[in-house]
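Written below as structure tokens is the structure these notes are about.
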Amino acid sequence: MQIINKLLFASITLLSPLQVLAVDINQDTLCTAKSWKAADNAAKCKEGSKIAFLPNSFGNEQLPVMFIALNCDLRFDVSLTNGGAVCIFKPVENVVEAS
């Protein structure tokens, strides 16, 4: 019985931070974006809402990756295709270019 109590306590302790993360997500709002730049999206999308990157042109597979790097909260799942991405919006504050 003590082992079961210890396992229960450990699972509650380990999983409780996940509940805190889930509170910050707004599942009711979807913001659509055509720009991969965080500065363009920060004015119209609210942090914590879902954001969908749906560019006007198709074929540049680097744009969805750049969008994710600059706009997504990577603590949560990201959906990526060759033409777009969907994630939880959290724009970057600083970009450092490596030489």
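The values are calculated or read from the model by the stated rules, or taken from the named source; none is laboratory data. It should be emphasised that the depicted structure is a prediction, and the values quoted were computed from it without experimental measurement. Every residue, glycine among them, receives a Cβ derived from its backbone with ideal geometry; neighbour counts consider all protein chains shown.
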Exercise. Within region 72-91, track down each residue that is surrounded by 13 or more Cβ atoms within 10 Å (Cβ to Cβ) and either in contact with a Pro (Cβ under 8 Å, 6 or more places away or on another chain) or among the hydrophobic types (A, V, I, L, M, F, W, C) (or both).
Key: Cys72, Phe76, Val78, Leu80, Gly83, Gly84, Ala85, Val86, Cys87, Ile88, Phe89
Quiz item: Looking only at residues in region 64-82 that are of a type outside the set (A, V, I, L, M, F, W, C) and assigned to a loop (DSSP other than H, G, I, E, B), which one is farthest from the chain's Cα centre (by Cα)?
Solution: Asn82
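Go through region 1-53 and report how many residues are outside any strand (DSSP E or B) and either modelled with pLDDT under 65 or surrounded by fewer than 10 Cβ atoms within 10 Å (Cβ to Cβ) (or both).
Going through region 1-53, the residues outside any strand (DSSP E or B) turn out to be 1-25, 34-48.
Now drop any that are not either modelled with pLDDT under 65 or surrounded by fewer than 10 Cβ atoms within 10 Å (Cβ to Cβ) (or both), which leaves 1-23, 43.
Residues meeting the conditions: 24.
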Quiz item: Scanning region 72-99 for residues that are touching a residue at least 24 places away in the same chain (Cβ under 8 Å) and among the small types (Gly, Ala, Ser), which turns out nearest to Asp28 (Cα to Cα)?
Solution: Ala85
Self-check item: Subset of region 43-71 (residues that are closer than 13 Å to Thr32 by Cα and either among the aliphatic types (A, V, I, L, M) or without any contact (Cβ under 8 Å) to a residue 24 or more places away in the chain (or both))
Solution: Ala43, Lys44, Ile51, Ala52, Leu54, Asn56
